[in-house]
Amino acid sequence: MNLVKANRESILKAAAMIKAGGLVAFPTETVYGLGADALNPIAVAKIFEAKKRPNFNPLIIHIAKKEWLQSFTEFNDSRIEKLIEKFWPGPLTLVLPKKEIVPNIVTSGNPTVAIRMPNHEVALKLIEESDTPIAAPSANKFGHLSPTTAKHVHKYLGDKVDLILDGGKSSVGVESTILQFQDGDFFILRYGGITKEELEECVGVIKSKSVDKNPVAPGQLPFHYSPNTPLYFYDEKYLKKNKKIGVVYFQKRKTEFEFTVEKFLSLNGDLREAASNLFLFLHELEKENLDYILIEPVPEIGLGKAIMDRLRKATFKHMVNN
Ligand code: TXA
Ligand code: MG
């Protein structure tokens with residue numbers, strides 16, 4: 001079994017594997033990552049192979065200290081320092097012009113690199129001991145649900161990684177917010193753990209980039225994050241007696257219909273708690289042999305934007321086939 005509890009000993013072992021060009025899955029506060037030495041192109045190629053990810057998708061590199069940012073990116077704007085002061089370590093990824101040292105396979109040939117410092121003791125220790133930035137996408141097969149526990153990783157990628165470090169459930173539960181800095185402006189490429197409102201409070205106006213035919217972030221593809229069981233937004237037309245149906249409500253409510261399984265993202269309607277349960281619940285429901293899953297939309301404020309972004313993409317494939 002290559003799934004181990006994260007402790008000093010297992011982290012040192014994992015760091016040695018990273019240095020040797022291996023693949024290690026590790027916990028972060030957002031979701032679990034599938035990591036390799038970002039400065040070793042062969043090791044990075046193994047990530048794409050394991051995920052079956054199309055090569056055009058660039059990866060986020062994870063660093064252990066704020067000072068490392070200067071080694072891999074070029075920028076000259078005090079607002080970047082303000083952002084990292086306020087939000088690092090944490091679920092904010094910055095897309096900045098890259099330095100030569102970052103291999104093209106990491107950025108898919110883009111002149112920019114996505115970089116963040118995760119807020120998780122195990123991740124930070126692993127990166128520090130590896131003494132190199134770690135390139136890591138979410139540790140799921142391409143297009144599938146993101147993993148928020150070590151077990152999720154083991155189920156889908158267990159035979160593809162050298163080691164999985166178990167550091168418990170990811171506390172944020174949705175991926176980092178991706179913020180690009182370009183020609184003096186900030187653009188959100190993916191909504192995530194830090195809200196637009198929080199960012200604007202720190203550095204002023206933030207713009208959104210429209211989706212085009214050649215998305216820079218797969219988060220911008222219309223489908224993603226899908227469970228294997230069909231997932232639809234809650235609608236009465238789906239309430240059929242002869243079907244096994246799972247339901248995920250946003251908050252506590254009474255229902256007449258008898259569902260096979262009922263879940264509540266947050267009993268008292270807390271969006272943070274809802275985000276942290278989102279992928280977890282979908283993973284659980286996927287195991288229940290249901291005909292389909294219904295999910296209730298959440299209010300699109302604060303973290304609700306990141307949740308609804310995931311849900312629109314997770315339901316897309318099933319909605320068009322329906
Ligand atoms: O919370 C997270 O961000 C997690 C944990 C493991 O850190 N990672 C994660 O990685 O979600 P991934 O690969 O699943 O998503 C990274 C996103 C992709 O949508 C990718 O296209 C975008 O970041 N990205 C990476 N480099 C980029 C770049 N240079 N320009 C624009 N987008 C970029
Ligand atoms: Mg992902």
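Restricting segment 103-186 to chymotrypsin sites (Phe, Trp or Tyr not before Pro) that sit in a DSSP loop and have at most 15 other Cβ atoms within 10 Å of their own Cβ leaves 142. Each of the GluC sites (Glu not before Pro) that DSSP puts in a loop and that has at most 11 other Cβ atoms within 10 Å breaks the chain; the longest unbroken stretch is 101-255. The distance between label points at residue 209 and residue 75 comes to 1.4 nm (points 7 Å beyond Cα on the Cα→Cβ vector).
Quick test of the membrane-span-like rule: which DSSP H helices of the chain reach at least 18 Å along their long axis (C-alpha atoms) with mean Kyte hydropathy at least 0.5? Helices meeting the criterion: none. A crude spin-label estimate for the pair residue 12 and residue 159, with each label 7 Å from Cα along the Cβ direction, gives 3.3 nm.
Think of it as helices only: each DSSP H run of n ≥ 4 in the chain is worth -39500 (n - 2.57), and spread over all residues that comes to -9000 deg cm²/dmol at 222 nm. Taking the charge dipole of the chain about its Cα centre, with +1 at Lys and Arg Cβ atoms and -1 at Asp and Glu Cβ atoms, the residue from 62, 180, 271 reaching farthest to the positive side is 271. Averaging the sequence gap over all C-alpha pairs within less than 8 Å and six or more residues apart, then dividing by the number of residues, gives the chain a relative contact order of 20 percent. Rounded to 0.05, the FRET efficiency of the residue 4 and residue 267 pair, given R0 = 22 Å and the Cβ-Cβ distance, is 0.05. The modelled label-to-label distance for the pair residue 42/residue 169, using points 7 Å beyond Cα in the direction of Cβ, is 4.1 nm. For the chain, the average shadow cast by the Cα convex hull is 16.2 nm², which is a quarter of the hull's surface.
FYI, it's all coordinate maths here, none of it is from the lab. Because the structure is a prediction, the values reported are computed rather than measured. All Cβ positions, even for glycine, are placed from backbone atoms using ideal geometry, and neighbour counts span all protein chains on display.
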